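Values quoted throughout were computed directly from the atomic coordinates according to the rules given, and no laboratory measurement underlies them. Because the structure is predicted, anything quoted here is derived from the model rather than measured. Backbone-built Cβ (ideal geometry, glycine too); neighbour counts: all protein chains shown.
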Amino acid sequence: MIERTLVLFKPDAVVRRLCGEILGRFERKGLNIVKMRMLKITSDLARVHYADHVGKSFYPDLEEYITGGLSVAIVFEGEEAISVVRKMIGVTNGIEAEAGTIRGDLSMSKRQNLVHASDSNESAQREINLFFPAD
């Protein structure tokens, strides 16, 4: 089944100049770029995007991190794109992520873990609409 999913290259990926490397992995896998933009995520956008985490003890640090620099938002399309992307990025904590995954190869942190990816069709649709509102 052809799906669309949202991927965010977080500020640490941009600062470390890993966007090309990470983007290339997705393209070599066979995923197609549908939309892409660079942006600075605002506190308001962060609160909507991370609504499930607002109020939790770690949220202030999360918001500070995601709003602290430029990010790249990308919509990828492909066969089972959501699960393919999730497998490719690896588990949240880069130290625990398997070698061969983006986080396993490029991250040494749970907090600064380079990328975000939608985890379901519902969240993909919501997140795509949030980062790429209709013109």
Lys56 passes all but one of (1) surrounded by 14 or more Cβ atoms within 10 Å (Cβ to Cβ); (2) of a type in the set (Lys, Arg); (3) part of a loop (DSSP other than H, G, I, E, B); which number fails?
(1)
When you check Val91 against the structure, is it part of a loop (DSSP other than H, G, I, E, B) and surrounded by 12 or more Cβ atoms within 10 Å (Cβ to Cβ), yes or no?
yes
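Counting only residues that are small (Gly, Ala, Ser) and more than 14 Å from Arg25 (Cα to Cα), which one in the stretch 100-112 is surrounded by the fewest Cβ atoms within 10 Å (Cβ to Cβ)?
Step one: of the stretch 100-112, the residues small (Gly, Ala, Ser) are 100, 104, 107, 109.
Next, only the ones that are more than 14 Å from Arg25 (Cα to Cα) stay: 107, 109.
Values: Ser107: 25, Ser109: 13.
By that ranking, first place goes to Ser109.
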Yes or no: the stretch 31-47 includes at least one residue that is touching a Leu at 6+ places or on another chain (Cβ under 7 Å), free of Cβ contacts under 8 Å to residues at least 24 places away in the same chain and surrounded by 13 or more Cβ atoms within 10 Å (Cβ to Cβ).
no
Counting only residues that are surrounded by 14 or more Cβ atoms within 10 Å (Cβ to Cβ) and either within 25 Å of Asp105 (Cβ to Cβ) or among the aromatic types (Phe, Trp, Tyr) (or both), the stretch 59-81 contains a total of 16
Please tell me if Val115 is in contact (Cβ under 8 Å) with a residue 12 or more places away in the chain and crowded, with 17+ Cβ neighbours inside 10 Å.
yes
Working only within the stretch 118-135, note down all residues that are without any contact (Cβ under 8 Å) to a residue 40 or more places away in the chain and outside any helix (DSSP H, G or I).
Asp119, Ser120, Pro133, Ala134, Asp135
